[in-house]
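One structure is given here, and the rest of the page talks about it.
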Amino acid sequence: MASEDSTLDTCGCCEGITQLTPQTLTNLPGLAAVAYRVGTQGSFKTTMLADLSGSDGLTALTTRSDDDAAVALLDACATMLDVLTFYQERIANEGYLRTATERFSILELARAIGYELNPGVAASTLLAFEMETAPSAPTTAIIPIGTKIQSLPGQDEQPQTFETIELIEARTVWNRLKPQTFKLILPKFGDTELYLQGAATNIKPGDALLLIGDERKNDPGNENWDLRRVQTVKPVTPISGPSYTVVTLDNGLGSITPPIEPAHQNPKVYALRLRANLFGYNAPDWHTLPVALRIGEISPQKDAQGNAIFIPGIYANRQNSWADAHLAAGTKSVNLDAVYSSITQASWVVLSAPDWTEVFQVQAVAEETKSDYNLNLKTTRLAISGEQTEKFSPRTASVYAQSEEISLAAQPVTDPIQGDTVVLDQLLLGLAANHTLIVAGKRMRVLVLRSFSLTSADGSQNTGYQTGDSLIVAQAPVTLPTGQVQWTLTDKNNFTGLITRNPQATRTALFRLTPALV
């Protein structure tokens, strides 16, 4: 009969009859550590001692004293199991991102999804050095490696110190590099606009402009030149940069029939300030001259035989060589209808008739009193070089002279800065490959010329715009395989949409690009 009085148990053989391992593991979500041990040294030892009582072969082992060899062996095994379960739990914790403590564990977890960690680097930033531009300041300087720079902290921030990692050469001309905003573009075939230097060119609508180059200067028979009338004049004084004048012409440069290109070799523009006429333009019609001048008259004196003497008129037989007759081929000089002291040697003169126009260069200038066509005037005699003078007559030819050169002006660059090339506004020596540049400025905008709508990039939304609205070009235009250009535009409400049009229609009919970086 068993007794419940524990004082009767003096051998301790009935202790540890309860198995404590394996322990039940329960881990709730969001824990900082994962519980993964099925037991500890004490629970393992207790369980093994309990197993001794249930083993038929070990019923004779009734001692539970720690100094017994068998119990000491179980104690050592329990200690070993304690160590193994401890490290097993550590390994289990390293298998989860929330509980992992080793960097290698994070790296292996990342590799499990195909991601490789980059090597660790120090904090870095881009820094631009500007040199003092005072008159007495040096123009160049060397900034050594390890130069310390401290940041200016913002609210609730701490200053950060950086050190340069390479030798830096600084120059005052490199402080702020500016892109090219004006570019000299030579006139080409079909152009109806000319950009001229200065805002006070004294050119008016109706004036004649001559575009001519070294082709005609070196060859009197060359036809690469153009005489055009001015339609409109627009002086421009920009906020930055030199002033210029834009003139529109009555016709495009060059000729289709016959095919002739405008001047390309050192082309120059001349304003022909003087309009004159050839001597004889206002001569009376030969048939209206008195009979005594165009035929002759009877002298009141008689000859020796007593016959009447006929005196021919000074303009007799001139009917076909009067002011209406064309000049002789190869004529090397012409007389103008008055004295024009403003015409100089080496200047250009243009003779124009209703069906023909020709340019000549003045070789010499002189004043001459000329009598002909029943006129007696002081004239300007011009020695000229050129061809086809036989195309003109004193009556029909108009003379454009007093050529004044007006230099071609650089045109404003309105194309956006994009791609991997930037043209600077000056020649800078010393810049080398691998220099890092920081580009800053305002984004390109377009001005809406007529109403259109944008479709969002995913095609889910559509927004309309009216004439006068301004949009930002979000990225460089893309030319599609079809030849169309796709524009990505953003409005003030951050709506970004796409519009695809033919280049000509997109630029002229829908919107116009505003100047770059303004």
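The values are calculated or read from the model by the stated rules, or taken from the named source; none is laboratory data. Predicted, not measured: the structure shown is a model, and the values here were computed from it. We place every Cβ from the backbone using ideal geometry, glycine too, and count neighbours over all the protein chains shown. Note: areas computed on protein heavy atoms with side chains; ligands, DNA, RNA excluded. Shrake-Rupley method; radii C 1.70, N 1.55, O 1.52, S 1.80 Å.
Going by Cα centres, segment 285-312 and segment 22-83 are how many Å apart? Rounded to whole Å, the Cα centres lie 161 Å apart. Each of Ser456 and Ser53 was given a label point 7 Å from its Cα along the Cα-to-Cβ line. The distance between the two points is 7.4 nm.
The calculated P(r) of the chain, using every Cα pair and 20 Å bins from 0, goes 13, 23, 21, 15, 11, 7, 5, 3, 1, 0, 0 in percent. In percent, rounded to a whole number, the relative contact order of the chain is 10, using alpha-carbon pairs under 8 Å and six or more apart.
Across segment 71-79, rounded Karplus estimates of 3J(HN,Hα) from the backbone phi angles (6.51 cos²θ - 1.76 cosθ + 1.60, θ = phi - 60°) give 5, 5, 5, 4, 5, 5, 5, 4, 5 Hz, Gly and Pro being marked x. The apolar share of the surface of segment 362-425, taken as the fraction of accessible area on carbon and sulfur atoms (1.4 Å probe, ligands and nucleic acids excluded), comes to 42 percent.
Among the listed pairs Lys183/Lys234; Lys442/Lys492; Lys217/Lys370; Lys268/Lys391; Lys234/Lys442, a Cα-Cα separation exceeding 21 Å is found for Lys217/Lys370; Lys268/Lys391; Lys234/Lys442. Taking each residue as 0.36 nm, the span from Thr161 to Thr99 lengthens on full extension beyond its C-alpha to C-alpha distance by 18.9 nm. Using a cutoff of 8 angstrom between alpha carbon atoms and counting only pairs six or more residues apart, the relative contact order for segment 354-448 works out to 19 percent. In the assembled protein chains, Lys183 presents an accessible area of approximately 100 Å² (probe radius 1.4 Å).
Put simply, the amide H of Ala409, placed in the peptide plane, has neighbours under 5 Å in Tyr195, Leu196, Gln197, leaving out anything fewer than 5 places away on its chain. Cross-link partners for Lys378 among the aspartates and glutamates, with Cα-Cα distance under 16 Å and sequence neighbours closer than 8 places in the same chain left out: Asp337, Glu367, Glu368. Taking amide H as placed 1.01 Å from N in the peptide plane, Phe392 has its amide H under 5 Å from the amide H of Leu327, each at least 5 places away in sequence or on another chain. The residue among Ile343, Ala366, Ala353 whose Cα reaches farthest toward the positive pole of the charge dipole of segment 343-416, with charges on the beta-carbon of Lys, Arg, Asp and Glu, is Ala366. Rounded to the nearest 500, the helix-only mean residue ellipticity at 222 nm of the chain stands at -3500 deg cm²/dmol, with each DSSP H run of n ≥ 4 adding -39,500 (n - 2.57). Treating the Cα atoms of segment 328-419 as identical point scatterers in vacuum, please give the log10 of the normalised Debye intensity I(q)/I(0) at q = 0.11, 0.26 Å⁻¹, two decimals. Treating every Cα as an identical point scatterer, log10 I(q)/I(0) equals -0.40, -1.45. Accessible surface computed residue by residue for the chain, with neighbouring protein chains in place and a 1.4 Å probe, gives 63 Å² per residue. Give me the Debye-computed log₁₀ of I(q)/I(0) at q = 0.17, 0.27 Å⁻¹ for segment 69-132, equal point scatterers on Cα only, no solvent, two decimals. Rounded to two decimals, the profile gives -0.77, -1.09.
A simple spin-label model places the labels of Ala328 and Ile145 8.8 nm from each other, with each point 7 Å out along Cα-to-Cβ. For Asn222, no residue whose modelled amide H falls within less than 5 Å of its own remains once neighbours fewer than 5 places apart on the same chain are excluded.
Against the criterion of solvent-accessible heavy-atom surface with a 1.4 angstrom probe, Ile295, Ile142, Ile309, Ile239 sort, most first, into Ile239, Ile142, Ile295, Ile309.
What the Kirkwood sum gives for segment 124-278 is a hydrodynamic radius of 20.9 Å, with every pair of different alpha carbons counted. Axis angle, to the nearest 10 degrees, between helix 103-112 and the longest C-alpha principal axis of the chain: 70 degrees. Across the accessible surface of segment 158-252, with the other protein chains kept in place and a 1.4 Å probe, carbon and sulfur atoms take up 50 percent. On the beta carbon distance between Asn502 and Gln388, with R0 = 60 Å, the FRET formula returns roughly 0.85.
In plain terms, the chain from Glu108 to Ala76 could stretch by 8.0 nm, reckoned as 0.36 nm per residue minus the Cα-Cα distance.
In vacuum, with every alpha carbon of segment 73-190 counted as one equal point scatterer, what does the Debye formula give for log10 I(q)/I(0) at q = 0.17, 0.20, 0.23 Å⁻¹? Two decimals, please. Reported log10 I(q)/I(0), two decimals: -1.03, -1.15, -1.25.
Histogrammed with a bin width of 5 Å, the alpha carbon distances of segment 279-324 distribute as 5, 21, 23, 17, 12, 9, 7, 4, 2 percent, first bin at zero. For segment 428-505 versus segment 314-363, the spacing of their alpha-carbon centroids is 58 Å.
Each residue of segment 333-347 is assigned a 3J(HN,Hα), and the resulting list reads 8, 9, 10, 8, 7, 7, 8, 10, 6, 7, 7, 10, 5, 6, 7 Hz, derived from the Karplus form 6.51 cos²θ - 1.76 cosθ + 1.60 (θ = phi - 60°), x at Gly and Pro.
Phi angles of segment 83-94 translate, via the Karplus equation with coefficients 6.51, -1.76, 1.60 and θ = phi - 60°, into HN-Hα couplings of 5, 4, 5, 4, 6, 4, 5, 5, 5, 4, 5, 6 Hz per residue; Gly and Pro are given as x.
Across all Cα atoms of segment 406-490, the radius of gyration (one decimal) and Dmax (whole number) stand at 17.8, 56 Å.
Straight-distance candidates among the lysines for linking to Lys45, with alpha-carbon spacing under 29 Å and chain neighbours fewer than 8 residues away dropped, are absent. On a 0 to 90 degree scale, rounded to 10, what angle separates helix 41-53 from the longest Cα axis of the chain? The angle comes out near 40 degrees.
At an R0 of 22 angstrom, the distance between the Cβ atoms of Val439 and Val173 translates into a FRET efficiency of 0.80. Under the simplified labelling scheme, the Phe189-Leu449 pair shows an inter-label distance of 2.5 nm, with each label point 7 Å from Cα along Cα→Cβ.
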